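Q: This structure is in structure tokens; I'll ask about it shortly.
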Amino acid sequence: MIEKIYKLKQQQINQQVLLKQQLVSKIDYINKELSQTNHDLNSASVNVMGAISDFRVLQIHKDTMKEHMIQLGRKKLHYLQQVEHYNNIIIDLNKESEQFNYILQEQKKEKLKQIIKQEELTSAEYMQVKHIQKKKGTNAS
């Protein structure tokens, strides 16, 4: 039973790690998108002799990119909080898993002790039988 629980905890840990990795991947994607948007923001321009309306459109475009970066920052913060949450879950599951592993190891040690004790008893009985047979053989002569 303990072994099944231990395996279940290991499986839960693996699931949480996968979920965490998915979030980390999303965070990496957001970082790349933030970097690209920031680059686009800094490099956006119009012709020097452009019309005033071109400058207004450029400003609207830059404002939109800034708003997009703010939204990406919020998403990233949310994902980072979720990653921290998954880290806490993984730590708790690891603690539980270690406890069950310790119990399993102790059970194995106990079984091994019982086997050794049984072998010692069998060996002692064998020696007693041999000793008794030897005595009978000496007494018969």
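The values are calculated or read from the model by the stated rules, or taken from the named source; none is laboratory data. Source: prediction; values computed, not measured. As a convention, Cβ positions derive from the backbone with ideal geometry for all residues, glycine included, and neighbour counts pool all protein chains shown.
Q: Take the conditions out of contact with any helix residue (DSSP H, G or I) (no Cβ under 7 Å at 6 or more places or on another chain) and closer than 30 Å to Leu8 by Cβ and apply them to Lys130. Does it pass?
A: Answer is no for this residue.
Q: In this structure, is Gln99 at pLDDT 95 or above and surrounded by 14 or more Cβ atoms within 10 Å (Cβ to Cβ)?
A: When the stated conditions are applied, Gln99 does not pass them.
Q: When the residues of segment 1-21 are narrowed to those that are of a type in the set (A, V, I, L, M, F, W, C) and in contact (Cβ under 8 Å) with a residue 24 or more places away in the chain, which ends up surrounded by the most Cβ atoms within 10 Å (Cβ to Cβ)?
A: Ile13
Q: In this structure, does Lys76 turn out to be under 28 Å from the mean Cα position of the chain (by Cα) and under 30 Å from Asp40 (Cα atoms)?
A: Answer is yes for this residue.
Q: Right, here's the next one. Go through the residues of segment 22-39 one by one and say whether even a single one is of a type outside the set (Lys, Arg), in contact (Cβ under 8 Å) with a residue 60 or more places away in the chain and either surrounded by 12 or more Cβ atoms within 10 Å (Cβ to Cβ) or closer than 30 Å to Phe100 by Cα (or both).
A: yes
Q: Can you run down the residue pairs with Cβ atoms below 9 Å, 6 or more apart or on separate chains, where the first is in segment 62-86 and without any contact (Cβ under 8 Å) to a residue 60 or more places away in the chain and surrounded by 14 or more Cβ atoms within 10 Å (Cβ to Cβ) and the partner is of a type in the set (A, V, I, L, M) and not in a helix (DSSP H, G or I)?
A: What qualifies is Lys62/Ala44; Met65/Ala44.
Q: Looking at Ile89, Ile115, Ile13, which is the one that is over 28 Å from the mean Cα position of the chain (by Cα), at pLDDT 90 or above and not small (Gly, Ala, Ser)?
A: Ile115
Q: So, one more: Would you mind stating whether Leu58 is at pLDDT 85 or above, surrounded by 13 or more Cβ atoms within 10 Å (Cβ to Cβ) and either among the aliphatic types (A, V, I, L, M) or touching a Cys at 6+ places or on another chain (Cβ under 8 Å) (or both)?
A: Numbers: at pLDDT 85 or above: no; surrounded by 13 or more Cβ atoms within 10 Å (Cβ to Cβ): yes; either among the aliphatic types (A, V, I, L, M) or touching a Cys at 6+ places or on another chain (Cβ under 8 Å) (or both): yes.
No: the conditions fail for Leu58.
Q: Does any residue of segment 66-79 turn out to be farther than 30 Å from Tyr6 by Cα, of a type in the set (A, V, I, L, M) and not in a helix (DSSP H, G or I)?
A: no
Q: Please enumerate the residues belonging to segment 102-141 that are within 18 Å of Met1 (Cβ to Cβ) and without any contact (Cβ under 8 Å) to a residue 12 or more places away in the chain.
A: Of everything in segment 102-141, those that are within 18 Å of Met1 (Cβ to Cβ) and without any contact (Cβ under 8 Å) to a residue 12 or more places away in the chain turn out to be Tyr102, Gln105, Glu106, Lys108, Lys109, Glu110, Lys111.
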